[in-house]
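Everything on this sheet refers to the single structure shown next.
The values are calculated or read from the model by the stated rules, or taken from the named source; none is laboratory data. Everything numeric in this text was worked out from a predicted model, so none of it was measured. With ideal geometry, Cβ positions are generated from the backbone for all residues, glycine too; neighbour counts draw on all protein chains shown. Heads up: the accessible areas ignore ligands, DNA and RNA and are worked out on the full protein's heavy atoms, side chains in. Shrake-Rupley method; radii C 1.70, N 1.55, O 1.52, S 1.80 Å.
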Amino acid sequence: GNSNTPMLSRLWKTPPWKNADWRVREQAVAAITDREVLLDLALRDDSAEVRVAAARALPEDALKVRVVREGRCERARREAIGTMRDGASVLACVFDRALPVEVRKIAAQARPLAPADWLRLAAANESEAMRAFALQSMPAEADATRLWDSALPTALKLTIVPRLNDRALLRSIFDKETVREVRIAALRRMGDETT
């Protein structure tokens, strides 16, 4: 009477995404239609390859955003951001201050940002690391004039000055600034304007 044992053991076989071999799990991802299983693999699988494959396979941006917010794997987060279909989802990651700056930078570089978005990233309520990144990365047409503040750390001042187009402001920076490098940067920028 145990002729049906092989049949039963086949039925109870471990699903491929729970296989001990990560290569089997990675290949299984393509066939998985259950969003929760994919999300779980993207967030918690032991293998980075499986997490990345699962992040790529997630069908909706909202799920990819969850991988970015809840995941701890840099590569899976990068993959989730890189495969988002909608710019608004990418922007949500760019402006999510709960995320590490490094992850937000990846999101900021995934799609071209508008000058206004770069200015928002360089605003006073952002961390110094984020502001420095935004100032270095923003396009030339983003006018940094309204970001100037004489109380800024020197490193940020040195990043902003070459992006200022306001001659009167540059003149006043040259006249009032105490840090020599910042004064030289203002002078150089005024020189650029005249040539």
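Descriptive notes on the structure:
- Within region 115-148, being outside any helix (DSSP H, G or I), among the aliphatic types (A, V, I, L, M) and surrounded by 14 or more Cβ atoms within 10 Å (Cβ to Cβ) holds for 122, 138, 142.
- Looking across region 81-106, the residues that are open to solvent by less than 30 Å² (accessible area, probe 1.4 Å), closer than 14 Å to residue 66 by Cα and of a type in the set (A, V, I, L, M) come down to 81, 84, 90, 94, 99, 103.
Conditions (1) farther than 26 Å from residue 114 by Cβ; (2) in a helix (DSSP H, G or I), marked per residue:
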position	(1), (2)
33	yes, no
37	yes, yes
59	yes, no
69	no, yes
76	yes, yes
81	no, yes
90	no, yes
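- From 121, 91, 63, residue being under 30 Å from residue 185 (Cα atoms) and not small (Gly, Ala, Ser): 121
- Only residues that are assigned to a helix (DSSP H, G or I), acidic (Asp, Glu) and within 19 Å of residue 136 (Cα to Cα) were counted across region 157-195, and they come to 2.
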